[in-house]
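The values are calculated or read from the model by the stated rules, or taken from the named source; none is laboratory data. This is a predicted model, so every value here is computed, not measured. Positions of Cβ are backbone-derived with ideal geometry, glycine not excepted, and every protein chain shown enters the neighbour counts. Accessible surface is based on the protein model in full, side chains and every heavy atom, while ligands, DNA and RNA are left aside. Shrake-Rupley method; radii C 1.70, N 1.55, O 1.52, S 1.80 Å.
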Amino acid sequence: MDPIAATHALAWLAVASLLLLSAIFGRRSKRQVNLPPGPKPWPIIGNLNLIGPLPHRSIHQLAQRYGPIMHLRFGSFPVTVASSLEMSKAFLKTHDVALADRPKPASGKYTNYNFKNITWSDYGPYWRQIRKICLMELFSAKRMSSYEHIRKEEMLALMNNLYTSCTRDKQQPIVIKDRISTLSLNVISRMVVGKKYMVDTEDAIISPDDFKRMLDELFILSGVYNIGDSIPWLDFLDLQGYVKRMKKLGVKLDNFLEHVMNEHTERRQRLKEKFVASDMMDVLLEFADNPDLEVKLGRDNIKAFTQDLLAGGTESPSVLGEWVLTEILRKPEIFKSATEELDRVVGKERWVEENDIQNLPYVRAIVRELMRLHPVAPMLVPRLAREDIKVAGYDILKGTRILVNTATIQKDPKLWDNPNDFCPERFIGKSIDVKGCDYELLPFGAGRRICPGYPLGLVLVESSLANLLHGFDWKLPPNTKPQDLDMEEVFGLSTPKKIPLEVVIEPRLPAHLYNI
């Protein structure tokens, strides 16, 4: 027999023997467990054959059959899905600590400094420390207030940009998502690293187009389904090429963040005792020098944290802004009610300030209805069970991945009348909010793993929507009817519209207000 063929035959025989032995002894040692109901898994792939290009919709359909708590298998890993208010509350409140870990996807390893960011780091001393920094420092009311001038300046820049576009050619459609994306990128980059990278400058390390492409690639790769994350023994093959792209992106991100970090360090050293922290990276570098920290912050920690801050605050406003304008164009009466409120409360001689929002209940209702019907993340970032627990009489074993399908909960007809209709009036006079205490509405999550930056995300969405509605009349391009608007979405880190929204706008305020 050919020596190579003999070697292969022996290898296969060894593998078969190991599988047989593991099956025999595994069956003997496996204790009886009562798993939630769910479809029978296939060998190797589990239930991945049932998950389509829009996973939240596939899981919604499965939940209609198997119920509000469901057991699936994604490749080698067990998954438990919550699809009701009661189950989300059990997962995110009752058993919050037991389910506070995260899985380890390839994106967290290669584009987030080996899980050092707040999103993917495990529950423990390091995560608790960076969460505390977020809550007490970076997103405190005082610091958010200190950055209000940045948000105001960039909002006025957007209004000026839109005004210039529509007065130059009144019938030329604009892609609104691109404009709102530039607004959020400029706001976040100024707050986090002290300058904006969406404008060309002589000393820029990166062009606006490259900066935008780099972050777009990060959003894409953070949301893709990488087969190696579910079937680890296939990971080395990188069948879809995602890991190669992640590694390449990781190098680009690191080069950019190293440069930014060096700039900040040089400024601190140059100013010495005159130095005052002016952005979030400055604050993080000050914490890195603190000898009393339980877990010391190294360079990679700061870069991972900074990347989280940049990426986390830029996608939501543009995705939500595009969806809300789409819904308003389908129902012009909503625009009429919103502008009547804006004209009454704010008037036509100034822009909407952030402190006006509390006096605009209809605009706030639009935002809450938007986050209900079009959640940026229709499934919350997966959790991981740290220990065995029981929920509703079912066993959830340590190592199980936990999904909360908010898209299903937020369209549950038991909780919402006409759940597929965009109806802001359902929130008028109601105390339901988006801050993680009302489990029928969880755009930012809940419990310990709630998005720590939600105060910033909420103020950006509310103030940008209020000023867009206050500053312009919104119409569809000629020969486009409301019923022609495509409502399909794309699944990833967020769920943007599949076909970008094009609009025609006209100013509705005095011309001098658009000048900056």
Problem set entry | Normalised contact order of the chain, rounded percent, pairs of Cα under 8 Å and 6 or more residues apart | 23
Exercise. Hey, what angle do you get for helix 242-271 against the long axis of the chain, alpha-carbon based, 0 to 90 degrees rounded to 10?
Worked result: 50
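Ordering 265, 167, 80 from largest to smallest accessible area (1.4 angstrom probe), what's the sequence? List each step's numbers first, then the result.
Details: 265 40, 167 70, 80 0 Å².
Ranked from most to least accessible, the order is 167, 265, 80.
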Seminar exercise, completed: Of the candidates 427, 466, 452, the farthest towards the positive dipole end of the stretch 402-467 (Lys/Arg Cβ +1, Asp/Glu Cβ -1, centred on the Cα centre) is 452
Problem set entry | Heavy-atom surface of the stretch 30-513, accessible at 1.4 Å and reported per residue (Å²) | 45
Exercise. Peptides 425-433, 363-371: what's the order by average Cβ count within 10 Å, highest mean first?
Worked result: 363-371, 425-433
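Probe radius 1.4 Å, ligands and nucleic acids left out: which of 111, 119, 201 has the largest accessible area, and how do the rest follow? All intermediate terms of the calculation are to be shown ahead of the outcome.
Values: 111 5, 119 40, 201 75 Å².
The ranking, largest first, comes out as 201, 119, 111.
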Exercise. What percent of all Cα-Cα pairs in the stretch 333-396 falls in each 5 Å bin, counting up from 0?
Worked result: 4, 13, 16, 14, 10, 9, 8, 6, 7, 7, 5, 2, 0
Problem set entry | Whole-number Å³ per residue for the convex hull built on Cα positions in the chain | 197
Seminar exercise, completed: For the chain, the accessible surface attributable to carbon and sulfur atoms (probe 1.4 angstrom, ligands and nucleic acids excluded) amounts in percent to 55
Exercise. For the chain, what is the calculated [θ] at 222 nm in deg cm²/dmol (nearest 500), taking -39500 (n - 2.57) for each run of four or more DSSP H residues and dividing by its residue count?
Worked result: -15000 deg cm²/dmol
Exercise. Within straight cross-link reach of residue 170, meaning Cα distance under 23 Å, which lysines are found once same-chain residues fewer than 8 apart are removed?
Worked result: 331, 336, 348, 475, 481
Exercise. What list of whole percents do you get for P(r) of the stretch 199-312, with Cα-Cα distances grouped in 5 Å bins up to the one holding the largest distance?
Worked result: 2, 9, 17, 18, 17, 14, 10, 8, 4, 2, 1
